[in-house]
Amino acid sequence: MAFTLPPLPYAYDALEPHIDEQTMKIHHDKHHQAYVDNLNKAIAGTDNENKSLEELVASAGKISPAVRNNAGGHWNHTFFWDILSKDGGAPSGSLAEAINSTFGSFDEFKTKFNAAGVGRFGSGWVWLISREGRIEITSTPNQDNPLMDVADVKGTPILGVDVWEHAYYLKYQNKRPDYLGAIWSVINWKKVQENFDSAK
Ligand code: MN
């Protein structure tokens, strides 16, 4: 069964001024669409056609680069749209407690997360994952993610931020740290809490 692009769960301009409308349109309608289309092309007529997206991602090291990259791209972007919201705010409850006990404070967590995002050379993602009962920051290259068998640090993503230039270049140009500073205004902490709860 062919994969399809899920609609963005809010308006293209919902995250203004932190993430601009044009970036969201191109990122969702062009980049994410291309991962979906190229994934469908890469699996057409093969055994992978009958696998779920989760199964493809989990076996990334055993499938072709085209399937790995585009299955990762589809999974990662679908996850990303859902953890963004115009409402922003801060974590609360059990997630806030886990962040404070692991990193010292929410501010310390953001500093470390942004440093991991800035430190990811080239294109990739920075993640907060749940792993063996703890939360941890990690990053992956290209469209890899921590669910992949090939990931250096494996775990269940709770929060993930795209640090490819296509995610920020129109508004922030080369200034990835400014984009990572702004992203905290548009994180959907309710959804991140749900991810945290279901990962446990
Ligand atoms: Mn992207």
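Read-outs throughout are calculated quantities, based only on the coordinates presented, and are distinct from any laboratory measurement. All figures in this text were calculated on a predicted structure; none of them were measured in a lab. Here the Cβ positions follow ideal geometry from the backbone for every residue, glycine too, while neighbour counts run over all protein chains shown.
Across the stretch 11-27, not a single residue is classified as among the aromatic types (Phe, Trp, Tyr) and closer than 23 Å to TRP127 by Cα. Of all residues in the stretch 178-188, none are within 14 Å of the ligand (Cβ to nearest atom), surrounded by fewer than 19 Cβ atoms within 10 Å (Cβ to Cβ) and within 15 Å of the chain's Cα centre (by Cα).
Residues in the stretch 144-161 that are part of a loop (DSSP other than H, G, I, E, B) and touching a strand residue (DSSP E or B) at 6+ places or on another chain (Cβ under 8 Å): ASP144, ASN145, PRO146, LEU147, MET148, ALA151, ASP152, VAL153, LYS154, GLY155. Confirm whether ASP29 is within 19 Å of the chain's Cα centre (by Cα), among the charged types (D, E, K, R) and within 18 Å of TYR168 (Cα to Cα). Yes. Take LEU39 and tell me if it is outside any helix (DSSP H, G or I), in contact (Cβ under 8 Å) with a residue 24 or more places away in the chain, within 22 Å of ALA167 (Cβ to Cβ) and within 16 Å of the ligand (Cβ to nearest atom). The answer is no for LEU39. If you take the residues in the stretch 1-24 that are more than 13 Å from the ligand (Cβ to nearest atom) and assigned to a helix (DSSP H, G or I), which one is surrounded by the fewest Cβ atoms within 10 Å (Cβ to Cβ)? Filtering first and then ranking leaves GLN22. The residues of the stretch 113-136 that are among the basic types (Lys, Arg) and either within 21 Å of LYS190 (Cβ to Cβ) or surrounded by 14 or more Cβ atoms within 10 Å (Cβ to Cβ) (or both), listed by number, are ARG120, ARG131. The stretch 58-125 holds helices (runs of 4 or more DSSP H) entirely within its bounds, and those carrying 2 or more residues that are within 16 Å of the ligand (Cβ to nearest atom) map to 65-82.
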